[in-house]
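Enquirer: Please see the structure below; I have some questions.
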Amino acid sequence: MKKYTGLDDITDLKELIAEAREIKKNPYAFEHLGKRKRLVMLFFNSSLRTRLSTEKAACNLGMDVTVMNFNSDAWKLEFEDGTVMNADTSEHIKEAAQVISQYGDVIAVRAFPTLTDKAKDESEYVISSFEKYASVPVVNMESATAHPLQALADAITITELSQQSKPKVVLSWAPHPKALPHAVANSFIGMMQKMDVDFTITHPKGYELSADVVKNSKVVYDQDEALKDADFVYVKNWSNYKEYGKVIATPETHSDWMVTSEKLGTAQFMHCLPVRRNVIVADEVLDGDQSVVIEQANNRTFSAQVVLKRILENLASKSQKEKLESSRYEY
Amino acid sequence: MKKYTGLDDITDLKELIAEAREIKKNPYAFEHLGKRKRLVMLFFNSSLRTRLSTEKAACNLGMDVTVMNFNSDAWKLEFEDGTVMNADTSEHIKEAAQVISQYGDVIAVRAFPTLTDKAKDESEYVISSFEKYASVPVVNMESATAHPLQALADAITITELSQQSKPKVVLSWAPHPKALPHAVANSFIGMMQKMDVDFTITHPKGYELSADVVKNSKVVYDQDEALKDADFVYVKNWSNYKEYGKVIATPETHSDWMVTSEKLGTAQFMHCLPVRRNVIVADEVLDGDQSVVIEQANNRTFSAQVVLKRILENLASKSQKEKLESSRYEY
Amino acid sequence: MKKYTGLDDITDLKELIAEAREIKKNPYAFEHLGKRKRLVMLFFNSSLRTRLSTEKAACNLGMDVTVMNFNSDAWKLEFEDGTVMNADTSEHIKEAAQVISQYGDVIAVRAFPTLTDKAKDESEYVISSFEKYASVPVVNMESATAHPLQALADAITITELSQQSKPKVVLSWAPHPKALPHAVANSFIGMMQKMDVDFTITHPKGYELSADVVKNSKVVYDQDEALKDADFVYVKNWSNYKEYGKVIATPETHSDWMVTSEKLGTAQFMHCLPVRRNVIVADEVLDGDQSVVIEQANNRTFSAQVVLKRILENLASKSQKEKLESSRYEY
């Protein structure tokens, strides 16, 4: 694996999940792989699970880790080409990414969308600029439109806990008082499209996600119908995509979309966390036996670890090849 | 030791102090105990000594350490049960504590009181919620009403430096322009009640601490009388407890409570730091030979280290026992 | 090396540069030197390169590293002697520096100038107070008037890339919308005065730097004349020194001082970064082959590493000596 900025970087999902589960059994088996290698984690936004699980994953592999809250610790970045930088940005991403690449062997970036400028968000200008200008592999710790580490943890969780060969998985929208990104929903949909599952998306009319993401996935506007006989119900809010970033409904008006035990039936309940109790989902669900959200969060470590392991292996084979080539020149 | 959230977790103070002093002589003797163990330090408030000494202690034991400023790095936590979370809190402590327990082997928490809501502060809702929902040991790095790592460092310091078999120790209130917590005073009093010392508390009328803390300890309102023939004078401001969080007196009106060389006599001067010079205590005292505040701060490392060592030993014996039990099932 | 607060701490520049270049070839050769030694990095201001490169340098030497954003993580420091601390400062540097010295083996400090109080800035009260009260070596990560780690990286870069035995080096002022410190310019000038280079400073009238810094260095007000036949052009903005901290010119009025390919000629372009594109320097220069700014940033690691290595060696020989002396007492 050369990098992990989106699901396209996965070429062999089944093997990747199997490898992650092996790592989970024996997390220190590759402790020497990351020796003298440094992960630089750059946060433009808040993070709890991603921060702690990715750091732990890197340490399990023997890496050194630096965590930077970019906005408060460093300089305001410029991402536009050709700008006359006489306003509030102090450093161009071109320099920043090249420079950080000299201090770290892998760069991981979290950068949320604006939710006001759709074109800018969809350009993924932060993560793609890092990818463009960095000379080391880049890992996406949630970008404007994607959260592939979360989706991989979700895939691991479903694979571990499924009692069916082809489980029914439903992604259900749920109400939230604030405008939230589409990243988790997008990546979960993309992941389900790669897995052998019976997949349905459900949300109120008006909350349609990007057609480029949804593709042929089944969309059902009636939540009850969608949830029927589900094995896994993944609940997540997202803000409007067409009227970009708007929250059409107040939580009250769509409060009937909150997931309850009755709605859940016998399905296992999934959520990426953090989750607003009694808005997104009732206490009874989170506190009950069918919730697997804590195990999902646990799998964040192994999702990150398998990705970092693959990247480190690729770096090692690259440096092996370079050595071989340079030794060839000598003869 | 299963956890360290309050002085009640100490069952053998003398042995604990003796062990801390051994660690101080040979801080790397247990470097392998913490291998592949991670301490997650969560700060809801500022910290200098606690932050640096606890991290150092953990590293001396070979642990990995993650430091998070929770308020700025992560999500605003909800502590109430049954809340409809449609306001400003994003994540419930139930999920947060369970999740963090999967990324760390020990969780240390600093969370100051509100000083406006006495009942809430005395419930110790932050640290006790972590304790309730975390599946790993919790360490108190100063909570609303207690600072047991500081008190243990103080006990080590007095034991090291005392020239009497039963020294006279005085806790004296001193003026401060702002409302300060009761945590340090509370834990120091609790610790002195466990030690073989002649203990006196002195403060202006109106600054009475909780009766549950003070118990039978001697309280003398006349500072001069209290300080007479003291061996150790521990100085600390605290805000009003009855009129909760109020600063009755401006520093000026109680400025005669500031500790000077004359007041100190031949006693050794103690303070937990940070200390406001020439408000709490005169320069002459802090800059003189009788001040032991720097050594007190040094002992913070060994206070934290002995606690973490005991907790790691308990984790190791637990996992040993589990292994033994699981091997029993096999036969 | 006992400390590194300014260029005066360098006694053998050529050997130091040569040693840094050796470390660059083999960065892990002294991995055991820093074992069980801790670098405490204290930031009073933003930092990207200094933060990441110094941490990496310390880790390459096997040190443990703690990074603290002092303003947000700890307490507001008092630097004045004899103050009655009843206002907004909570802790005196006397205690802070002594205490931190017990938790770290080396303290590194970044503290920018006020740019409003010249006398205070020139007193270097932050870094010099740490130096005065700390009991461990102090490293300057950019202070009010000096940036000696940057200057050492610059010296390494020029030594590596120079094709002349005595290259012509020009320090050119360039426009910037905000008031910037003099630290980088000061230390670069001091460094050039120690090297065997043909050195010229150029800036608009009114931007004269301190005479104590400039000494006998040649100052030419005509930028074209100064840049003629240059081998290295180091570009940097600084605010007014006489009318302290003022930005006399808007970028527009002095925009003709921006460095372009035409102005650069065949010289190599240097800047400490972050740099404002198309204000300080044209895109064409930064994106062209003559820019060495990324390599300069890379050399920050080896500049910090050679300094930390020398300091660790000095600590080791000191502790060796102490052991020897204490063993002498025994016989």
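Enquirer: Kindly indicate whether B:Glu91 is open to solvent by less than 10 Å² (accessible area, probe 1.4 Å) and closer than 18 Å to A:Val293 by Cα.
Expert: Working: open to solvent by less than 10 Å² (accessible area, probe 1.4 Å): yes; closer than 18 Å to A:Val293 by Cα: yes.
Here the answer is yes, as B:Glu91 does meet what is asked.
Enquirer: For the range C:293-309: of the residues being open to solvent by less than 10 Å² (accessible area, probe 1.4 Å) and among the β-branched types (Val, Ile, Thr), which is farthest from C:Lys2 (Cα to Cα)?
Expert: Result: C:Val293.
Enquirer: Identify, by number, the condition in (1) out of contact with any Asp or Glu (no Cβ under 8 Å at 6 or more places or on another chain); (2) within 24 Å of B:Ser46 (Cβ to Cβ); (3) open to solvent by 10 Å² or more (accessible area, probe 1.4 Å) that C:Ala96 doesn't meet.
Expert: (3)
Enquirer: Tell me the residue from A:Phe112, A:Phe79 that is aromatic (Phe, Trp, Tyr), more than 14 Å from chain C (Cβ to nearest Cβ) and at negative phi, please. Walk me through how you get there before you give the answer.
Expert: Details: A:Phe79 fails: more than 14 Å from chain C (Cβ to nearest Cβ).
Sole residue among the options that is aromatic (Phe, Trp, Tyr), more than 14 Å from chain C (Cβ to nearest Cβ) and at negative phi: A:Phe112.
Enquirer: Restricting to the range C:202-230, name every residue that is at negative phi, open to solvent by 40 Å² or more (accessible area, probe 1.4 Å) and assigned to a loop (DSSP other than H, G, I, E, B).
Expert: Residues of the range C:202-230 that are at negative phi, as a first pass: C:202-205, C:207-214, C:216-228, C:230.
Within this subset, residues satisfying the condition of being open to solvent by 40 Å² or more (accessible area, probe 1.4 Å) are C:205, C:208, C:211-212, C:216, C:218-219, C:221-222, C:224-225, C:228.
Correct list: C:Lys205, C:Glu208, C:Asn216, C:Tyr221, C:Asp222, C:Lys228.
Enquirer: Another one. Return the total of residues in the range C:294-323 being within 14 Å of chain A (Cβ to nearest Cβ) and not hydroxyl-bearing (Ser, Thr, Tyr).
Expert: Step one: list which residues in the range C:294-323 are within 14 Å of chain A (Cβ to nearest Cβ), which gives C:294-305.
After this cut, where a residue has to be not hydroxyl-bearing (Ser, Thr, Tyr) as well, the list is C:294-300, C:302, C:304-305.
Counting residues in the range C:294-323 that are within 14 Å of chain A (Cβ to nearest Cβ) and not hydroxyl-bearing (Ser, Thr, Tyr) gives 10.
Enquirer: Which number in (1) open to solvent by 20 Å² or more (accessible area, probe 1.4 Å); (2) away from chain C (no Cβ under 14 Å); (3) outside any loop (DSSP other than H, G, I, E, B) marks the one condition that B:Ile17 misses?
Expert: (1)
Enquirer: On the given criteria, is C:Glu322 open to solvent by 50 Å² or more (accessible area, probe 1.4 Å), assigned to a helix (DSSP H, G or I) and modelled with pLDDT of 95 or more?
Expert: no
Enquirer: Let me ask you something else. Among the listed residues B:Phe112, B:Phe70, B:Phe79, identify the single one that is modelled with pLDDT under 95 and outside the structural domain of B:His182 (by TED's automatic domain parsing). Explain how you work it out, then say what you get.
Expert: On the way: B:Phe112 fails: modelled with pLDDT under 95; B:Phe79 fails: modelled with pLDDT under 95.
B:Phe70 is the lone residue from the list that is modelled with pLDDT under 95 and outside the structural domain of B:His182 (by TED's automatic domain parsing).
Enquirer: Quick check: is even one residue across the range B:94-101 more than 7 Å from every other protein chain (Cβ to nearest Cβ), touching a helix residue (DSSP H, G or I) at 6+ places or on another chain (Cβ under 9 Å) and β-branched (Val, Ile, Thr)?
Expert: no
Enquirer: Being among the charged types (D, E, K, R), closer than 17 Å to B:Leu39 by Cα, open to solvent by 30 Å² or more (accessible area, probe 1.4 Å) and at pLDDT 95 or above narrows it down to one residue among A:Lys56, A:Lys25, A:Lys35; which is it? Step through it out loud before you land on a result.
Expert: Working: A:Lys25 fails: closer than 17 Å to B:Leu39 by Cα; A:Lys35 fails: closer than 17 Å to B:Leu39 by Cα.
Within the list A:Lys56, A:Lys25, A:Lys35, the selection yields A:Lys56.
Enquirer: Given the condition within 23 Å of C:Thr301 (Cα to Cα), in a loop (DSSP other than H, G, I, E, B) and without any contact (Cβ under 8 Å) to a residue 60 or more places away in the chain, answer yes or no: does some residue in the range A:120-131 qualify?
Expert: Scanning the range A:120-131, I find no residue that is within 23 Å of C:Thr301 (Cα to Cα), in a loop (DSSP other than H, G, I, E, B) and without any contact (Cβ under 8 Å) to a residue 60 or more places away in the chain, so the answer is no.
Enquirer: Would you please list the contacts, defined by Cβ atoms under 6 Å and residues six or more apart or on different chains, that run from a residue in the range B:38-50 that is facing chain C (nearest Cβ under 7 Å) to a residue that is in a helix (DSSP H, G or I) and acidic (Asp, Glu)?
Expert: Pairs that qualify, where the first residue is facing chain C (nearest Cβ under 7 Å) and the partner is in a helix (DSSP H, G or I) and acidic (Asp, Glu): there are none.
Enquirer: Another question about this same structure. Select from the range A:261-290 the residues that are touching an Asp or Glu at 6+ places or on another chain (Cβ under 7 Å), within 20 Å of A:Asp231 (Cα to Cα) and within 14 Å of chain B (Cβ to nearest Cβ) and write down the one among them that is surrounded by the fewest Cβ atoms within 10 Å (Cβ to Cβ).
Expert: A:Leu273
Enquirer: Keeping to the range A:51-76, report how many residues are more than 7 Å from chain C (Cβ to nearest Cβ) and among the aromatic types (Phe, Trp, Tyr).
Expert: Number satisfying all stated conditions: 1.
The values are calculated or read from the model by the stated rules, or taken from the named source; none is laboratory data. Bear in mind that the values here come from a model prediction, so they are computed numbers and not experimental data. A quick note on method: Cβ atoms are made from the backbone with ideal geometry, for glycine too, and the neighbour counts reach across all protein chains shown. The accessibility values were calculated without ligands, DNA or RNA, using every heavy atom of the protein model including side chains. Shrake-Rupley method; radii C 1.70, N 1.55, O 1.52, S 1.80 Å.
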